[in-house]
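Working notes, beginning with the structure itself.
Readers should treat all values here as calculations from the given coordinates under stated rules, not as data from a laboratory. None of these values were measured; they are calculated from a predicted model. Note that each Cβ is placed from the backbone with ideal geometry, even for glycine, and that neighbours are counted across all protein chains shown.
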Amino acid sequence: MEEKEVIRRDYFIHRKSMRQIARERHHSRKTIRKALYDPGVPVYSRSKPRPKVTIGPFQEMIRQWLQEDKQRPAKQRHTAKRIFQRLREEYGFPGSERTVRRTVSALRDTVPDSHVPQTYAPADGGTFDFGEALVKLKGRETKVHLGCLRLDYSSHYFICALPSERQEALFECHLQGFSYLGGTPGRMRYDNLKPAVQKILRGKNRQEQAAWVAFRSHFLFESEYVTPGKGQEKGGVENLVGYVRRNFLVPPPEFDDYQALNAYLMNCCDRDARERRRGGRTIEELWRKEQESLRPLPQKLPTACVSRSGKVNRRQQVRFAGNWYSVPPRYVGQVVTIRAYVFRVEIAWQDQVIASHGRSYSREEEFLNPHHYLPVLLKKPGAFPRATPILKWPLPPVYEAYHRQLRERREGQSGTREYIRILMLLQDHPLPAVTAAVEQAATIGVFSYEAVKSLLSGQPEPSWRHSPLPVWPNRVDHFDRLVHG
């Protein structure tokens, strides 16, 4: 390039001829003529394409495979890696995978997609997507699902961690997200996620899930669904999932439960909105402006649950999502409504909640509330020793010791019945208070339901305080006293 500059200076400034410049600079006139007509950087170009010695014999075969792929499903076509593997294994291809990838790209004639910049008005719209991440819950590495809701204008977003991507999780994330952002935009864009879309129709038309339409009608925003396989149509929230993983969850943080994890994620959303800037303003400042245009939340928010009906069997259990949940005995044989939330399951009968359990995402598990079975065990004390709800009840050791003393001092099953009545106190009183009453009764040597109940209610100097229950005498000893005096 420096030589070209000298040639041009000699010709245009010093008025030297091309013959003189060629003699002085030792260049041909053809080279000097090129320098005079083209001041740019010299670019070498081949007159003939470079021969492809390694891949050349295989190009036609690759082209044939790609042509056949057009008749196959999009997810079951050759990748460049698979083509390289087949060429090497079936035809002994000696080249590298990089060579194959470059050739496949050229034969496919792929042109990178271009994107048109978009400008959004405040509260014009938002996007939603699910993602996955690994965190530690109670010391165990767990895969959680991230619900990501983002506003288009301000780019402010809300993230919450959920144990699944089911319909109730979709509802829960929208409820929390709209509450956090202070309102709803005019429309939302989604993937064709199953909890919202029942069937993909022609073009942009979708047959939506009835429960999703009912939930959305509370907020009155419009739903748009992207073209299948075209995630770039909502690229902002697609990139957000990766951004959250890289910036907030590396290395995987540790929490006791989902509540602590979500509190951490919400704090990250707040901090990021204060620190990140767009167009000279922070995201929080843009969001404050956008809040003025967001639609207000409805006065009565919908419930973030799915409802199913089920019949209670003779074991006082109803089945939902592969698990069994208990109800009180009076509802055996009744058809009840099961309301499944993200973290709990409620069972209702005639609009009255009769049982509530923690939600499980495993299968073939039993969730039995001992209080549902105590009234039955009071009538059938013989079933008490092997009753599953009692065996799984993590009570302090003092209860079993007190039960043993009651059995020794009473005939038949009366001791077990007394113990069951004591356990029924736990339904209306906290465990520490009942435990303290049981320990105090055992210390002073009184063993009865009335004793524990009186100590629990704090009655001063009850009548039984000075007259503990006598030990029931052994039948043989009692007979000896009657005969021999």
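Below are the figures for this structure:
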{"item": "Length released on extending from K300 to Y180, taking residue separation times 0.36 nm less the Cα-Cα span", "result": "41.6 nm"}
{"item": "Extension reserve of the T388-W65 stretch, reckoned as 0.36 nm per residue once the Cα distance is removed", "result": "110.1 nm"}
{"item": "Extension gain from R108 to E439, taking 0.36 nm per residue of separation minus the Cα-Cα distance", "result": "111.1 nm"}
{"item": "Helical contribution to [θ] at 222 nm, DSSP H n ≥ 4, -39,500 (n - 2.57), averaged over the chain, rounded to 500", "result": "-12500 deg cm²/dmol"}
{"item": "Amide H partners (placed H, <5 Å) of N369, local residues excluded", "result": "S326"}
{"item": "Entry for percent of Cα pairs over 27 Å apart (calculated from the structure that is shown) out of [x] 75; [y] 61; [z] 56", "result": "[x]"}
{"item": "Per-selection metrics, the stretch 56-108 (Cα): Rg and Dmax in Å", "result": "10.5, 30"}
{"item": "Cubic angstrom per residue, convex hull over Cα atoms of the stretch 204-331", "result": "229"}
{"item": "Estimated FRET transfer efficiency (V116, R88; beta-carbon r; R0 45 Å; 0.05)", "result": "0.60"}
{"item": "Volume of the Cα convex hull of the stretch 126-291, divided per residue and given in Å³", "result": "114"}
{"item": "Cβ-derived FRET efficiency at R0 35 Å, M266 paired with R421, nearest 0.05", "result": "0.15"}
{"item": "Sites D38 and H14, calculated FRET efficiency, Cβ-Cβ separation with R0 25 Å, nearest 0.05", "result": "0.80"}
{"item": "The stretch 306-367: C-alpha gyration tensor shape, a/c 1.5 cut-off, then a/b vs b/c", "result": "oblate"}
